[in-house]
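What follows is a single structure, written as structure tokens, with notes after it.
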Amino acid sequence: LIGGVIVGPTGFEENLLIRSLGPSLPPEQVPDPLPDPTLTIKNSDGFTIGFNDDWQDTDKAAIQATGLAPTNPKESAILADLPAGEYTAIVEGRAGGSGVATVEVYHITN
């Protein structure tokens, strides 16, 4: 799964929470949810600026403080201050897993 995010205008910086859900998606509505999503954020030059496998492994307290922490520890989330530009969020299944997942982007106010 690939999603795009544009932060702007020039000179602007935005605090974002980007997360990927799979295991917590309701099975009665989402057949075959992705059991263990990973999340990679790349800038417009293709450089990886963030990676997360299990959200509690990185910035757990800060992610919880947003009120948007994933409910399943296997899901992924990245909290980042991103300067103006174009970004790509890439969701993949750990160890080649497959299934249905989401990628979500939230503006976090300070």
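The values are calculated or read from the model by the stated rules, or taken from the named source; none is laboratory data. This one's a predicted model, so the numbers in the text were calculated from it and none came from an experiment. Glycine also receives a Cβ, built like all others from the backbone with ideal geometry; neighbour counts cover every protein chain displayed. For accessibility, only protein heavy atoms count, side chains too; no ligands or nucleic acids. Shrake-Rupley method; radii C 1.70, N 1.55, O 1.52, S 1.80 Å.
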query = Restricted to segment 82-100, and to residues that are open to solvent by less than 70 Å² (accessible area, probe 1.4 Å) and assigned to a loop (DSSP other than H, G, I, E, B), which residue is modelled with the lowest pLDDT?
reply = Gly97
query = Say we look at segment 40-59 and pick out the residues that are within 18 Å of Glu75 (Cα to Cα) and assigned to a strand (DSSP E or B); which of these is most open to solvent (accessible area, probe 1.4 Å)?
reply = Phe51
key: Where a residue in segment 42-63 is farther than 14 Å from Ile2 by Cα and its partner, wherever it lies, is hydrophobic (A, V, I, L, M, F, W, C) and open to solvent by 80 Å² or more (accessible area, probe 1.4 Å), with Cβ under 9 Å and at least six apart   = Thr58/Phe51
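Residue-by-condition table, conditions (1) under 23 Å from Val100 (Cβ atoms); (2) open to solvent by 20 Å² or more (accessible area, probe 1.4 Å); (3) assigned to a loop (DSSP other than H, G, I, E, B):
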| site | (1), (2), (3) |
| --- | --- |
| Gly11 | no, yes, yes |
| Pro31 | yes, yes, yes |
| Thr38 | yes, no, no |
| Asn72 | yes, yes, yes |
Number of the exception - Leu79 against (1) at pLDDT below 95; (2) assigned to a strand (DSSP E or B); (3) touching a Ser or Thr at 6+ places or on another chain (Cβ under 9 Å) = (1)
